[in-house]
Amino acid sequence: MALHAAALHAAVLSVADVAEPESLIVAIDGTSGVGKSTVARQLAARLGVPVLDTGATYRAVALEVLEHGVDLEDRVAVLEAAAQAELELRPTADGGFDVLLGAHPVGQRIRTQEVSDATSKISVHPEIRQRLVEVQRQTAARYGAVVEGRDIGSVVFPHTPHKFFLHARPEVRAERRHAELLAAGQAASLGDVLHDIEARDARDSGREVSPLVCDESYHPIDTSDLSVAEIVEQMATEIDLGRERRRSSTG
Ligand code: DC
């Protein structure tokens, strides 16, 4: 069966179509396991806007694809399964968004290693990305948000003046992820976790569509030796300075 773009509700918007948003949009991009989620949550609370974890939208689509039991290397089958995902983002009372599939919150089902691996494979497909970018733009533009992912400053909100790129040494990220897995009761060796992180880095940075890239429009932060509070402080200061600069240049 041919896959029709309409079936994916894929609204193709070029960068030029996306005006600078009225609401406060903070873009946070960076590698896997760099601490984006924690930092984004705390920064959002401080700024009084919700946090949007775009990885969760890709994970939800990967979960749908896995539930169809298709071969992840079979592009057509993956796209057909992905098109079945009835995805919805619903604001939560604690300043985030629940990701729903077919009206059911996905919860922790999207946080397994199997889903992580599948996500980095299905997220290479432009058809899937276009659909999710559209959902992310609409949601964040409506509420204002700290948006975290891989292509937020480059593709989803290229015109926001508040862009951060978080990175950290792979060994540091592997140790953090390993501790998280152990705390969640999932057994894994540190070596395997490091190997997995390096493989995901290569896929996220090497893919043809929306690769993870840091250019001069970003404020880069190496989080290896910083606490979460220190990172959030740096970002909040930078955002204040940016707003101040813009006020004085427009006023
Ligand atoms: O941030 P995370 O680990 O939940 O992301 C899961 C996967 O989704 C990861 O392989 C990168 C991909 N992703 C993406 O391609 N674009 C985004 N905006 C967010 C995540």
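We did not get these values from a lab; they are worked out from the coordinates using the rules stated. Everything numeric in this text was worked out from a predicted model, so none of it was measured. Neighbour counts are summed over all protein chains in view; Cβ atoms, including those assigned to glycine, are modelled from backbone coordinates with ideal geometry.
Here are the numbers for the structure shown:
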| read-out | value |
| --- | --- |
| Tail beyond 17 Å, pair distance distribution of segment 55-98 (Cα, percent) | 37 |
| Gyration tensor (alpha-carbon) shape descriptor, segment 157-249, a/c threshold 1.5 | oblate |
| Point-to-point label distance, residue 195-residue 215, nm (Cα→Cβ direction, 7 Å offset) | 3.6 |
| Extension gain from residue 104 to residue 172, taking 0.36 nm per residue of separation minus the Cα-Cα distance | 21.0 nm |
| Neighbour net charge for residue 178 - beta-carbon separation under 12 angstrom, K R +1, D E -1 | -2 |
| FRET efficiency, residue 188 to residue 159 (Cβ-Cβ, R0 35 Å, nearest 0.05) | 0.30 |
| Within segment 209-238: backbone nitrogen closer than 15 Å to the residue 248 label point (7 Å, Cα to C-beta) | 238 |
| For segment 25-246, share of DSSP beta bridges that run antiparallel, in % to the nearest 5 | 30 |
| Positive-end residue, segment 25-246 charge dipole about Cα centroid, Cβ charges, pick of 220, 179, 135 | 135 |
| Over segment 25-246, relative contact order from alpha-carbon pairs under 8 Å, at least 6 apart, % | 31 |
| Rounded if a/c under 1.5, otherwise prolate or oblate - the chain, Cα gyration tensor axes | oblate |
